[in-house]
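**Student:** Quick one: the structure is below, questions incoming.
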There are 2 protein chains.
Amino acid sequence: MTTGGIRDRFRAQLRQEVKQVALRQLAEGGPGALSINAIGKELGVSGPALYRYFAGRDALLTELVLDAYADLTEALSAVARRLPDLAAAYRSWATAHPHRYRLLFGAPAPGADPDDERLGDAVRRLLTLLWPRVEPAPAVTEHAVSVWGRLHGFVSLEIEGNFRALGLDPDHVFAAEVDSLRSAR
Amino acid sequence: MTTGGIRDRFRAQLRQEVKQVALRQLAEGGPGALSINAIGKELGVSGPALYRYFAGRDALLTELVLDAYADLTEALSAVARRLPDLAAAYRSWATAHPHRYRLLFGAPAPGADPDDERLGDAVRRLLTLLWPRVEPAPAVTEHAVSVWGRLHGFVSLEIEGNFRALGLDPDHVFAAEVDSLRSAR
């Protein structure tokens, strides 16, 4: 292996480690807890040195958002393109990774750029999957947005503990919601 | 007016001022930005002295949540008990007060007690209003929860800028959602 190869491998590995620590910070304290300096300290690398791997806190945050879109999109791609399966996959991903789900659709993280084109592309890919009947089209259909809004409403109420506060069984609410979505197709 | 009366009035006024500053902190930096010491500094009162008015940061937060429930419930009570009016009132309140809406249904604020009985009562009152056909009943019906989930999905995607990111007109999405909710009654 050439020196360049080793350097590239090291670079990729360090970037991965930085993202893992960043995700733990998010899980523990939300986007406000994300700190390049704290990540550097944990990995034994100075903050300034880390900037050779990420242009800054905002770039790291954007990359975590894009990773999360890619991961959720992959989870949806892995199941049958039927609404109940897609809905269940969407829910499973969100409940398994609530902090990443919030990063996608919750209050905008400070520093995130809502006009970054890559984010718009990522959400469009996701919506195209969520509404399988959509032909490849430039615009996301109204129906896909409605399905997404309903899934998002359920999932975000669930991950923030709102059903529990009401003494409701989330599985039961979810089953009713999916039934209703199916009949609305 | 007795001395007790003046003291009570001062107490009520100071509590009101504390809550106003706290709401501004929330609007500017989210629940993580809420700081009793910073509030005291702004009002020229020592942090410890403020604890005579609020048992602590968590108690203040809980009171802000209860105020927000009361305010949203009042907004819903002020309109006709028809789904389109209720939905429009719910949306207006959320878009006018996104930081308070997040406080109600977003990621739990650190320190908030999800098992506080008063919170469960407040959300039940709200849901009873949202689904006008509900007779006074001990349990919240499935349908009320579904209406709520759909409104929440729409509203939370809107206030976090997700429709804008997709180039969608939120008014248009909302009108379609309300139509669909009406036909689902």
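The values are calculated or read from the model by the stated rules, or taken from the named source; none is laboratory data. Everything numeric in this text was worked out from a predicted model, so none of it was measured. Please note: Cβ atoms are built from the backbone with ideal geometry, for glycine as well, and neighbour counts cover all protein chains shown. What goes into the accessible areas is simple: the full protein's heavy atoms, side chains included, and nothing from ligands, DNA or RNA. Shrake-Rupley method; radii C 1.70, N 1.55, O 1.52, S 1.80 Å.
**Student:** What quantity of accessible surface, computed with a 1.4 Å probe and excluding non-protein components, is buried in total between chains A and B, in Å² to the nearest 100?
**Tutor:** Chains A and B together bury approximately 2600 Å².
**Student:** Rounding to the nearest 10 and keeping the result within 0 to 90°, find how far the Cα-based axis of helix A:170-183 lies from the longest principal axis of chain A.
**Tutor:** 60 degrees
**Student:** Using the beta-carbon distance between A:Glu28 and B:Ala175 and R0 = 45 Å, what value does 1/(1 + (r/R0)^6) give for FRET efficiency, to the nearest 0.05?
**Tutor:** Efficiency for this residue pair is about 0.65.
**Student:** Considering Cα pairs under 8 angstrom that are at least six residues apart, work out the relative contact order of chain A and quote it in whole percent.
**Tutor:** The normalised contact order for chain A reaches 19 percent.
**Student:** Could you provide, to the nearest whole Å², the per residue accessible area of the protein assembly as shown with probe 1.4 Å?
**Tutor:** Here the residues of the protein assembly as shown average 49 Å² of exposed surface.
**Student:** Another question, if that's okay. What is the spin-label model distance, in nm, from B:Ala96 to A:Ser46 if the labels are put 7 Å beyond Cα along the C-beta direction?
**Tutor:** Inter-label distance under the simple model: 5.3 nm.
**Student:** I would also like to ask the following. Determine, from the Cβ-Cβ distance of A:Arg164 and B:Asn37 and an R0 of 30 Å, the FRET efficiency 1/(1 + (r/R0)^6), rounded to the nearest 0.05.
**Tutor:** Once rounded, the FRET efficiency stands at 0.40.
**Student:** Helix B:142-159 versus the longest principal axis of chain B: what is the Cα-based angle in degrees, 0 to 90, to the nearest 10?
**Tutor:** In chain B, helix B:142-159 runs at an angle near 70 degrees to the longest axis.
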